[in-house]
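Below is one structure, written out as structure tokens, with a few remarks after it.
The values are calculated or read from the model by the stated rules, or taken from the named source; none is laboratory data. Source: prediction; values computed, not measured. Cβ placement follows ideal geometry from the backbone for every residue including glycine, while neighbour counts extend to all protein chains displayed.
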Amino acid sequence: MRFFLVCLMLTFAMTGCQNRYSTAMSVNIALYNNSTNALDGVELSWQGPYVSAGILPPGKSKVTLDVEWPNAPSAKLNITDAETHQLYSIELSLSEVNKQISLGKCGTVVIRISSYDKAEVVCKEGDAWR
């Protein structure tokens, strides 16, 4: 009888702790064209859900709400120039953003595109995104 109770208690203990930390975090993702170039086809290529801004004129942004964050180490931002239709890809490091999200200090991830080969990824608390 004791063996049965011990096994039962261990089963409950293991089952109860199994999914405690597997809750996925959600954030807003803002893609902001901080360049002087008109962009046509801005898309985030990563291990997470589909995020796209489509056509993004200079100084404009698009925000995707409530995106499940995949905690990936990096992502690729694919952009197409609106005039030449040339495709550019920018590698983005997400390690610092991952830390901020895991600490609950990031409500919005902002990706500021400053040129065809440069983009900055920053965290903003709450819904602020610029």
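Take the residues in the stretch 82-101 that are β-branched (V, I, T) and more than 12 Å from the chain's Cα centre (by Cα), then tell me which one is surrounded by the fewest Cβ atoms within 10 Å (Cβ to Cβ). Result: T84.
The sole residue among V63, V42, V27 that is in contact with a helix residue (DSSP H, G or I) (Cβ under 7 Å, 6 or more places away or on another chain), modelled with pLDDT of 95 or more and not aromatic (F, W, Y) is V27. Keeping to the stretch 46-59, report how many residues are in contact (Cβ under 8 Å) with a residue 24 or more places away in the chain and either surrounded by 14 or more Cβ atoms within 10 Å (Cβ to Cβ) or touching an Asp or Glu at 6+ places or on another chain (Cβ under 6 Å) (or both). Result for the stretch 46-59: 4. Residue count for the stretch 35-64, restricted to those that are among the small types (G, A, S), in a strand (DSSP E or B) and in contact with a strand residue (DSSP E or B) (Cβ under 6 Å, 6 or more places away or on another chain): 5. Of the set (1) more than 16 Å from S115 (Cβ to Cβ); (2) touching a strand residue (DSSP E or B) at 6+ places or on another chain (Cβ under 7 Å); (3) surrounded by fewer than 16 Cβ atoms within 10 Å (Cβ to Cβ), all apply to M25 but (2). Is it the case that V42 is within 15 Å of A119 (Cα to Cα), buried (at least 19 other Cβ atoms within 10 Å of the Cβ) and touching a Cys at 6+ places or on another chain (Cβ under 8 Å)? In short, no. Considering only residues that are among the small types (G, A, S) and in contact with a strand residue (DSSP E or B) (Cβ under 8 Å, 6 or more places away or on another chain), look in the stretch 99-130 and name the one that is nearest to N33 (Cα to Cα). Looking at residues that are among the small types (G, A, S) and in contact with a strand residue (DSSP E or B) (Cβ under 8 Å, 6 or more places away or on another chain), I get S114.
For the stretch 102-130, filtered to residues that are at pLDDT below 95 and aliphatic (A, V, I, L, M), the residue that is surrounded by the fewest Cβ atoms within 10 Å (Cβ to Cβ) is L103. With respect to (1) acidic (D, E); (2) more than 16 Å from N37 (Cα to Cα); (3) outside any helix (DSSP H, G or I), the lone exception for E96 is condition (3).
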